[in-house]
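Read the structure below first, then the notes.
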Amino acid sequence: MATPFTLETPIAFIGGGNMASAIIGGLLRRGLPAERIDVVEPFAEARAALQRQYGIQALAQAGAQLERARLVVWAVKPQNLHEAAAQVAAHTPGALHLSVAAGVRSASLAQWLGSERIVRAMPNTPALIGQGMTGLYARPAVSPAERDLVEQVIATTGAHLWVEEEALLDAVTALSGSGPAYVFYFLEAMTQAGVDMGLTSAQAHQLSVATFAGAAELARRSDDPPVVLRQRVTSKGGTTHAAIESMEADGMAQRFMRALDAAEARAHALGEEFK
């Protein structure tokens, strides 16, 4: 049974899209009253959806109501963050800021907001179902108590990992931030292979998804590294061995690692673009 959520701090969300909704839903499920949450969302349809789903009255633009916020969660598109910060900063001089906007570095946020109390987060889409993995980086001005506050908020969407160098968030982005897309990519391939072998699409999809989910859970629970788990199901001369040999002959591991290097490089480039 989940521990009751005890956070008393008023929280403001700048942006009310999918990631903000995931966090808001988690906070409400843990017991945070809806009246302690403010959301600034310029799109009327999104505001109406927040009202319907969570009973939250969202604001069309930043205003004096934000002054009560002690934590501000930035969930706008990276290209819109600078403009949004210009509208919000005057109302939140004493707040802690948590940004889930990809690519925007904390130095830029500190400059735009006039505050050094910045935490950057790199979540991934399983956060939408409470199974996310979020990388976190805090600037030196963030206190241990404020880190704890951020952890309580992020815990509503899944697990988290702190890094002590901001540059490592590019690696987090490449592995876990973009990672769900890699899983879906392999699921596509496995499903299509199953269809080509004579299974129905539904059968191949069910087998593929269950296999990924089960293998990931086994890896999570096991003290053994993935290489040992793989070797245990790879009998020499067997079917798995044939598949692994084929993948190794194609240099699949090296190609996959190059793909992750490309994602990390792009994450770094985005940071340069949004200065």
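Taking the alpha carbon gyration tensor of the stretch 179-272, multiplying each eigenvalue by 5 and rooting it gives semi-axes of 25, 19, 16 Å, largest first. Once the Cα atoms are used to define both axes, helix 18-29 deviates from the longest principal axis of the chain by about 80 degrees.
Assigning unit charges at the beta carbon (Lys, Arg +1; Asp, Glu -1) and nothing else, what dipole magnitude in debye, to the nearest 20, does the stretch 11-173 show about its Cα centre? Value, rounded to 20: 320 debye.
What is the chain by shape, rounded, prolate or oblate, if you read a ≥ b ≥ c off the alpha carbon gyration tensor as root eigenvalues and call it rounded for a/c under 1.5, prolate for a/b larger than b/c, and oblate otherwise? Prolate, because a/c is 1.5 or more and a/b exceeds b/c.
Remark: the residue 48-residue 200 segment gains 50.7 nm on full extension, using 0.36 nm per residue and subtracting the alpha carbon distance.
Adding -39500 (n - 2.57) for every DSSP H run of four residues or longer, then dividing by how many residues the chain holds, sets the calculated 222 nm ellipticity at -15500 deg cm²/dmol.
For an R0 of 41 angstrom, estimate the FRET efficiency from the Cβ-Cβ distance between residue 213 and residue 82 and round to the nearest 0.05. After rounding, the FRET efficiency stands at 0.55. DSSP beta bridges fully contained in the chain are about 15 percent antiparallel. Helix 144-154 against the longest principal axis of the chain: what's the angle in degrees, Cα atoms only, rounded to the nearest 10? Here the helix axis deviates by roughly 60 degrees.
Placing a pseudo-label 7 Å from each Cα along the Cα-to-Cβ vector at residue 167 and residue 254 gives an inter-label distance of 2.6 nm.
One decimal place: the segment residue 143-residue 261 gains 39.2 nm when fully extended, by the rule 0.36 nm per residue minus the C-alpha distance.
Ranked by the mean number of other Cβ atoms within 10 Å of their residues, highest first, the peptides 92-105, 173-186 fall in the order 92-105, 173-186. One Cα centroid belongs to the stretch 188-222, the other to the stretch 25-75; the line between them spans 38 Å. The residues neighbouring residue 259, those whose beta-carbon lies less than 14 Å from its own, together hold a net charge of 0 under the Lys/Arg +1, Asp/Glu -1 convention. Dipole size of the chain about its Cα centre, with +1 on Lys/Arg Cβ and -1 on Asp/Glu Cβ: approximately 420 debye, rounded to the nearest 20. Taking the convex hull of the alpha carbon positions in the stretch 23-99 and averaging its projected area over all directions gives 5.0 nm². Ranked by the mean number of other Cβ atoms within 10 Å of their residues, highest first, the peptides 149-156, 210-217, 10-17, 138-145 fall in the order 10-17, 149-156, 138-145, 210-217. In a simple Cβ point-charge model (Lys, Arg +1; Asp, Glu -1; nothing else charged), the stretch 70-147 has a dipole of about 100 debye relative to its Cα centre.
Readers should treat all values here as calculations from the given coordinates under stated rules, not as data from a laboratory. Please read all numbers here as calculations on a predicted model, not as lab measurements. All Cβ positions, glycine included, derive from the backbone under ideal geometry; neighbour counts span all protein chains shown.
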